[in-house]
């Protein structure tokens with residue numbers, strides 16, 4: 001295993017935003033008569049927004065089309081992120097800085113969010129200029145857990161999937177990366193720790209542990 005590219009998921013890996021995403025779902029679902037619990041939100045954490053919307057409509061027999069629910073959810077999310085500080089996950093900036101020093105290692109972001117909000121988060125967190133490749137949910141036809149997001153990210157980085165390592169925090173992100181042919185490290189957090197991470201190549205408590213493992217094993221092409 002030699003790594004030529006690192007592809008980070010965004011929410012829950014680099015930025016601490018899952019609580020804000022939960023708030024957005026609560027606001028859009030309450031008028032439809034659904035009291036969306038944190039427990040149920042945990043089951044969907046990491047899934048593409050349109051997939052989540054479709055499953056919620058079917059499960060709860062909501063009187064809304066998937067397209068309308070997605071648009072409303074995106075509108076609310078944009079307002080929330082415009083008016084909220086985006087906090088970094090522990091060791092996020094250190095991890096990105098470490099890989100930037102590896103001159104032959106390319107780094108990118110592969111997120112399930114829409115491009116406008118993804119860029120907003122990266123800029124608010126002071127990370128935007130670190131990444132030359134940013135792939136979002138609206139760049140692909142099928143989002144996570146399908147492989148499309150990671151396949152496009154690797155292609156944009158001009159690398160083969162097997163040359164890339166994904167860093168994910170959810171079961172669905174891991175499934176996306178592995179089905180695309182990438183190596184994948186998982187870093188579960190409070191929102192995703194109940195999910196199934198059996199498909200991940202390694203599971204760590206935080207980014208610091210993951211970076212230490214890569215350094216100790218000398219996995220980067222330098």
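Across the chain, Cα pairs under 8 Å and at least six residues apart give a relative contact order of 27 percent.
Each residue, residue 196 and residue 37, gets one label point 7 Å from its Cα in the Cβ direction; the gap between the two is 2.2 nm.
From the square roots a ≥ b ≥ c of the eigenvalues of the alpha-carbon gyration tensor of region 174-222, which class results: rounded (a/c under 1.5), prolate (a/b over b/c), or oblate? Oblate.
Seen against the Cα atoms of the chain and their longest principal axis, helix 92-101 is set at about 40 degrees. Using 0.36 nm per residue and subtracting the Cα-Cα separation, the extra length available between residue 82 and residue 63 on full extension is 4.0 nm. Under the criterion of Cα pairs below 8 Å and six or more residues apart, the relative contact order for region 126-185 equals 32 percent. Given the C-alpha centroids of region 80-122 and region 155-222, what is the distance between them in whole angstrom? Centre-to-centre (Cα) distance: 15 Å.
Listed peptides 60-72, 39-51 appear in the order 39-51, 60-72 once ranked by packing, highest mean of other Cβ atoms within 10 Å at the front. Ratio of Rg to Rh for the chain: 0.96 [Cα atoms; Kirkwood radius as inverse mean 1/r over pairs]. Secondary-structure-derived ellipticity at 222 nm for the chain, considering helices only, amounts to -13000 deg cm²/dmol, per-run term -39500 (n - 2.57) for DSSP H runs with n ≥ 4.
None of the figures in this text is laboratory data; all of them are computed from the coordinates on show. Since the model is a prediction, treat every value here as computed from it, not as a measurement. Glycine also receives a Cβ, built like all others from the backbone with ideal geometry; neighbour counts cover every protein chain displayed.
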